[in-house]
Amino acid sequence: MRFIFSIVSTCALAYGGYFFYQNHPDVVENALGFFRQHLPSGEFQTLEIRYSADQVIGANRRVLVKDKRHTLLEPQLRFYPYVLLEVKYSTPKKKTAEGVILWSLVDGEMVIDTNKWTKTHGYEDCLNAHATKAEFLILNLLAKNGGEMEKTRLLAQLRSVAKNAGADALLMSCQRKKLIVQQGNLVRLHFADPRLTQHPITHVSQWLVTKPYRDATCIKKKYSISQIKSLATAAFGHDFAIRRTLEVYLPVYKIEVKNPDQTLMTTHWNAVTGTQITSPYAPPQKGEVLNLTDLLPSK
């Protein structure tokens, strides 16, 4: 009887754990991260550094150090968390294509091209608003037409692709979530300079390398891998599928300059492109940085 009871208990616990993960994946990811921090050693994967801190400073010294009264402090190397999604999808030519997507776990946006580090703008709003696959029918139609359309034309196109979704109800839902704005007969995306992509692929030309956890620091994740997976699945249609995920990191230099009044000017520089990182990468607040041994890459 004890043997049978043990088997039943084990199965019940396993099913309970699986059910909990399916419904609360973010909690499970955070819990795993807590336990993993006690592992003594290991490596993580990061994009390869192309520009050293000295090269970045040398190319931008006039911008960083205005005169002799300003003091350049020792640069710091930090790592920003991303998720690399291996995906497959249908092309407009009705063929199946495969590729990868690099998506930020800090600002919720997708990288379009790693050479210039071109990124989308608007997906973080969709992420925070919990935009559904049906609502993305509206958002993608607007994005495809330059970010705005006449309401009558939008509804006509929407009804042709979402006959059972309720076009008017979807429109109102997107308005309530502040994802779109209606002005008279004009409907537009409610993002400044919106950039939602119709092509679920990142053009990657950099190598991934491994780095020891020791002495590495990383910006905390704002979003989980499961949140990004759900967002991408909703955004890119029924033929889109995620095959694998890998947590990777972007190396970033934090460069500080002490001003004559003893205040600090802080800038952040992409170590892959050598260019300055601007909004939405604001300087980290207290408590946002921790040792990378606390954040092991997901398998």
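Computed from the coordinates by the stated procedures, all read-outs in this text should not be read as laboratory data. Worth saying up front: this structure is predicted, and the values here are computed from it rather than measured.
Exceedance of the 28 Å cut-off in Cα-Cα distance is limited, within the set 119/258; 66/119; 68/222; 116/229; 116/178, to 119/258; 66/119; 68/222; 116/178.
With viscosity set to 1.002 mPa s at 20 °C, what whole-number translational diffusion coefficient in µm²/s follows for the range 121-196 from Stokes-Einstein and a Kirkwood radius over Cα pairs? Kindly include the intermediate steps, with their values, before the conclusion.
Numbers: Rh = 12.1 Å.
It comes out at roughly 178 µm²/s.
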